[in-house]
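Some notes on the structure that comes next.
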Amino acid sequence: MLKLNFPDYQFRFKSNENKPLIFDEIRKKFIVLTPEEWVRQHTLKYLISEKNYPKSLINVERELKLHNTLKRYDIVVFNRDGSIRILVECKAPGVVINQQTFDQIARYNFTLNADYLFLTNGLNHFACRMDFENEQYTFLKEVPTYE
């Protein structure tokens, strides 16, 4: 797989019916290794190893209802009180992050109300802090560290 703009991490791999699989330590199972999954697994390692988020506060690929349609978010990191700290959207490295991809995570956040948004294709990362009172967001250099 492509080298991403994350630190180097160790992953567990296996093959099933000639499909490469990668172990997801949050879901505790092997997942088909697609380009988007490669980015998601790096993002999880980054949040856990570099940003010190406990695994117990991280959720991966869950459904959410958005305008009577079921969607799936990639990663959510919770605060200890159960509110959502970070909503993460992962794209394959070949997907350009533009206004359309940013609008997708912003739409999801209308339902989830995360404090921060993090959008990555593994090569480019964008983080922002939400300001719900003024209905705007501020871009940050990086996702905040767990406190």
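The values are calculated or read from the model by the stated rules, or taken from the named source; none is laboratory data. Given the structure is predicted, the values throughout are model-derived calculations rather than measurements. Note that each Cβ is placed from the backbone with ideal geometry, even for glycine, and that neighbours are counted across all protein chains shown. All accessible areas refer to the heavy atoms of the entire protein, side chains included, with ligands and DNA or RNA removed. Shrake-Rupley method; radii C 1.70, N 1.55, O 1.52, S 1.80 Å.
Using Cα pairs under 8 angstrom and six or more residues apart, how large is the relative contact order of the stretch 72-147, in percent? With pairs under 8 Å counted, the relative contact order is 24 percent.
Partners of K14 within straight-line reach, counting aspartates and glutamates whose Cα lies under 18 Å from its Cα and excluding those fewer than 8 residues away in the same chain: D24, E25, E36, E37. Please list 3J(HN,Hα) in residue order for the stretch 22-29, calculated via the Karplus relation 6.51 cos²θ - 1.76 cosθ + 1.60 where θ = phi - 60°; whole Hz, with x for glycine and proline. Calculated HN-Hα couplings, in order: 10, 7, 9, 6, 8, 7, 6, 7 Hz. Around D24, what is the net charge, scoring Lys/Arg as +1 and Asp/Glu as -1 over all other residues with Cβ under 10 Å from its Cβ? Counting the neighbours of D24, the net charge comes to +2.
Rounded to the nearest 10 Å², what accessible area does T101 have for a 1.4 Å probe in the complete protein model? It works out to around 10 Å². Relative to the dominant Cα principal axis of the chain, helix 99-112 is inclined by about 70°.
Karplus-based coupling profile of the stretch 116-123, in residue order and whole Hz: 9, 10, 9, 10, 8, 10, x, 9, with θ = phi - 60° in 6.51 cos²θ - 1.76 cosθ + 1.60 and x standing for Gly or Pro. Taking 8 Å as the Cα distance limit and 6 or more residues as the minimum spacing, I'd like the relative contact order of the chain as a percentage. Computed value for the chain: 18 percent relative contact order. Counting only lysines at least 8 places from K19 when in the same chain, those with an alpha carbon closer than 23 Å to its own are K3, K28, K29, K45, K91. Return the sequence-ordered ³J(HN,Hα) values of the stretch 67-81 in whole Hz as given by the Karplus equation 6.51 cos²θ - 1.76 cosθ + 1.60 applied to θ = phi - 60°, using x for Gly and Pro. After applying 6.51 cos²θ - 1.76 cosθ + 1.60, I find 6, 6, 10, 8, 10, 10, 8, 7, 9, 10, 10, 8, 7, 4, 7 Hz.
Summed over qualifying helices (DSSP H, 4 residues or more, each -39500 (n - 2.57)) and divided by its residue number, the chain shows a 222 nm mean residue ellipticity of -5500 deg cm²/dmol. A crude spin-label estimate for the pair E133 and F11, with each label 7 Å from Cα along the Cβ direction, gives 4.1 nm. K28 contributes about 150 Å² of solvent-accessible surface, heavy atoms of the protein only, 1.4 Å probe. Around E63, with a cut-off of 10 angstrom between Cβ atoms, what is the net charge of the other residues, counting Lys and Arg +1 and Asp and Glu -1? So the surrounding residues net to +3. In this label model, K19 and L112 are separated by 2.4 nm, measuring between points 7 Å along each Cα→Cβ vector.
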